[in-house]
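The values are calculated or read from the model by the stated rules, or taken from the named source; none is laboratory data. Everything numeric in this text was worked out from a predicted model, so none of it was measured. Positions of Cβ are generated from backbone atoms using ideal geometry, with glycine treated the same way; all protein chains shown enter the neighbour counts. These accessible areas exclude ligands, DNA and RNA; they are computed on the full protein's heavy atoms, side chains included. Shrake-Rupley method; radii C 1.70, N 1.55, O 1.52, S 1.80 Å.
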Amino acid sequence: MGIKFDESKRIFKLDAKDTSYLFHVTDSNHLLHMYYGKYVEDTDLYYLLRLGDEKFVPAVHDAMGPHSFDCAPLEYSTSGVADFREPCLQVMDKKGMSACEIQYVSHKIYDGKPKITGLPATFANKDSDCQTLEINCIDKHLNLEVVLIYTVFNELDVITRSVRLKNASDDTIHIRRVLSTCIDFDTIDMDMITLQGTWARERHVQRGKLRHGKQSVDSIRGASSHSLNPFVALVSPDATEDVGEAYGFSLIYSGSFLALAEGTQYEKTRFVMGLNPYDFDWKLDPGAEFEAPEVVMVYSDEGIGKMSRTFHDLYRNHLIRGKYKDVRRPILINNWEATYFNFDTDKLIDIARESADLGIEMLVMDDGWFGKRDDDTTGLGDWVVNENKIKGGLKNLVEEVNKLGLKFGIWFEPEMISPDSDLYRAHPDWCIHVDGRKRTTARSQLVLDMSRQDVRDHVYGQMKEILSSANIEYVKWDMNRQITEMGNEILPADQQRELWHRYMLGVYDMLEKLTTDFPHILLETCAGGGGRFDAGMLYYSPQIWTSDDSDAIERLKIQHGTSLVYPVSTMGAHVSDSPNHIVGRKTPFKTRGHVAMVGTFGYELDVTKLSEDDKNDIREQIIEFNKYNELVRTGDYYRIGDPFANSRFDSWMFVAKDKSEALVEYIQVLKVPSLFEHRIRLKGLDPKARYKDEETGNIYGGDTLMNAGILIPKLHGDFQSHIIHLMKV
Ligand code: DGJ
């Protein structure tokens, strides 16, 4: 494993666990991509380049001999030099011209992985986990240094890429676009899988055949968004959960992004991913550097399921940080759907008292505890406790809750400001706005300019005071709108287009400060439900609120889609009321528990109003959660059902890393009459081992369970659930 450079053939070979990635440095010092896929032993794959074969394209670039840029598999595409496909890099010089071309100069290979300044990124736990290659290139005309950075993980099929630029000239230049990865695949015969949705319906899976021309997913909203996630998988047409090839790409960034696949005239595909070039420009003064975010690339030769499990392992072990990285999270109850804005100290203590009796471990006080906020039209920005509601003050409330045996958590929306707030009256210029234009509100709020240090200092100062004033052990960081009228009155005209990225750097700066100053706090990020569920956020918060839709049946699709990339241990999932507040669907308590158990687990309902039966269900759910959480959090996740393809059922399972134990969950979505017991085939078990079904006492071979399958007992009614716990004997 690791990275090699064949000096004589000028070929770089990057080997991750079972993956190889090769590219060549031509005599003209251009970088040509050769191969990305399953591990191969050979280094000399020069023949794959088929240089000089493209008879129909004029040889437009001398340096490339008979080979045109437009048909060359480029390792990193640049704009305006006879490659007419999607460019990754475009830089404007002082004359306003933007042709750009990079050539290899030198390289270095080292153990470990560098940080990216101010940005989230995967990391090595020890240097021997991975190796890094930095290729130093130059655009001689601009005197721009371009460093292509690759890291291979030895134990995972993961290669990461990012790019660093340095202006080595004496003139200011402008970066017009800088994407982080470019792969020129040798085929167009692939399907593209993306995650689409909207509020309360996030990350639904869509799959389509790649076509000639450009197909993309993106965000220009200033957040990764509910509608499209910064993730793409390109898979072989035959790929299923278990077979076929899958290339997964995930961007570690939470703002506007672009991921684009382009089917070309030669039946090949270019894939690029990174910062969205839309409305982007970055002024780079002489000597200045710019670092682009990281793209994680996962290769699987065993279908989409293995791709997901690789992402899960990487993100659990090399992205998530902090006290809660590897431990069971407290079972929380959040008062949002129980009370909305209508609560006070007494109500919260009532909820806490009842919760303590049921075995719940933490009370989270959601929106409405601060400033003047009785609905969503006022108060954001005034992070001062409203003692009309929180009678006796916050410290007293937290102490009372602690006395009941519960931890205490609190909600903030730090990036926002209500026009009706003391903060806005004092600083109307602190929000993002274009002077003289209408300031578009969404949910009656505006966005604070997080690129400004003074704004961040003020908001963080208030948060810090609150968090230091009582024993607070959890924060929910919410963000409930997207950005419009991007502008501020600080940056000069030629830097206004930097704001989209500066905003994100500001948010990350504050998140880093929060997690450094309060390392004991469990942070859960959120954006109107799952509007910023991305790998960037996972670097700071080990869990993210998956969706405001907590209906167990809607969650099947949302959690299935989310699990394509993100570990189930990161998905905020709660048992909420029935009928569900968003869809009005009635589902059994048991099913709601089983679906929420796939995520971080908690409750979001008024426990003081529950029947004794429901309370007993909660007690049982908590016993089950405690019993299985270690396996759910740390095991391998296998999707068995597909809620997008089948309306009858969904099913998934967790298998311990040592294959000693497995948990199968089955949801009967719609009861179909006159059928036998449903037989499902299990996955990931040790074929040679024997497993005992804890409930029935039946013993099966692992190979039997995976090939012949297991029977799900007949369940009566829609929305029923069943679990099977298997132990190796
Ligand atoms: C949106 C979140 O997704 C909800 O859980 C809740 O915190 C509300 N915001 C509060 O305004």
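A few comments on the model shown:
- Residue within region 333-340 that is away from the ligand (no atom under 13 Å from the Cβ), out of contact with any strand residue (DSSP E or B) (no Cβ under 6 Å at 6 or more places or on another chain) and open to solvent by 20 Å² or more (accessible area, probe 1.4 Å) present: no
- Residue selected from region 518-527 under the condition assigned to a loop (DSSP other than H, G, I, E, B) and either open to solvent by less than 10 Å² (accessible area, probe 1.4 Å) or in contact with a strand residue (DSSP E or B) (Cβ under 7 Å, 6 or more places away or on another chain) (or both), by the criterion nearest to the ligand (Cβ to nearest atom): 526
Residue by residue, here is whether (1) surrounded by fewer than 22 Cβ atoms within 10 Å (Cβ to Cβ); (2) among the hydroxyl-bearing types (Ser, Thr, Tyr); (3) touching a Cys at 6+ places or on another chain (Cβ under 8 Å) holds:
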position: 131; (1), (2), (3): no, no, no
position: 142; (1), (2), (3): no, no, yes
position: 145; (1), (2), (3): yes, no, yes
position: 148; (1), (2), (3): no, no, yes
position: 155; (1), (2), (3): yes, no, no
position: 169; (1), (2), (3): yes, yes, no
position: 176; (1), (2), (3): yes, no, no
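- Scan of region 214-227 for residues that are touching a strand residue (DSSP E or B) at 6+ places or on another chain (Cβ under 6 Å) and surrounded by fewer than 22 Cβ atoms within 10 Å (Cβ to Cβ), ordered by number: 214, 215, 216, 218
- The strands (runs of 3 or more DSSP E) falling completely within region 567-669 include none with 3 or more residues that are open to solvent by 20 Å² or more (accessible area, probe 1.4 Å), over 22 Å from residue 724 (Cβ atoms) and among the β-branched types (Val, Ile, Thr).
- Residue in region 506-515 that is exposed (fewer than 15 other Cβ atoms within 10 Å of the Cβ) and either aromatic (Phe, Trp, Tyr) or in contact with a helix residue (DSSP H, G or I) (Cβ under 9 Å, 6 or more places away or on another chain) (or both) present: no
- Filtering region 379-396 to residues that are open to solvent by 10 Å² or more (accessible area, probe 1.4 Å) and either within 16 Å of the ligand (Cβ to nearest atom) or touching a Gly at 6+ places or on another chain (Cβ under 9 Å) (or both) leaves 382, 384, 385, 386, 387, 389.
- Figure legend. Inter-residue proximity from region 404-424: first residues part of a loop (DSSP other than H, G, I, E, B), second residues of a type in the set (Gly, Ala, Ser) and within 15 Å of the ligand (Cβ to nearest atom), beta-carbon distance below 7 Å, spacing 6+ or different chains. Indicated pairs: 418/379; 418/381; 418/444; 421/371; 421/379; 421/381.
- Pick from region 360-377, criterion over 20 Å from residue 525 (Cα atoms) and open to solvent by less than 10 Å² (accessible area, probe 1.4 Å), ranking: farthest from the ligand (Cβ to nearest atom): 360
- Yes/no for residue 401 being part of a helix (DSSP H, G or I), in contact with a strand residue (DSSP E or B) (Cβ under 7 Å, 6 or more places away or on another chain) and open to solvent by less than 10 Å² (accessible area, probe 1.4 Å): yes
- Region 95-108, residues that are of a type in the set (D, E, K, R) and touching a His at 6+ places or on another chain (Cβ under 9 Å): 101
- Residues in region 246-276 that are assigned to a loop (DSSP other than H, G, I, E, B) and crowded, with 22+ Cβ neighbours inside 10 Å: 252, 253, 254, 255, 256, 276.
- Going through (1) at positive phi; (2) open to solvent by 20 Å² or more (accessible area, probe 1.4 Å); (3) in contact with a strand residue (DSSP E or B) (Cβ under 9 Å, 6 or more places away or on another chain) one by one, residue 709 falls short only on (2).
- Any hit, region 153-170, residues being closer than 21 Å to residue 31 by Cα, among the aromatic types (Phe, Trp, Tyr) and in the same structural domain as residue 258 (by TED's automatic domain parsing): no
- Only one entry of 42, 6, 27 meets the criterion of being surrounded by fewer than 17 Cβ atoms within 10 Å (Cβ to Cβ) and at pLDDT below 95, and that entry is 27.
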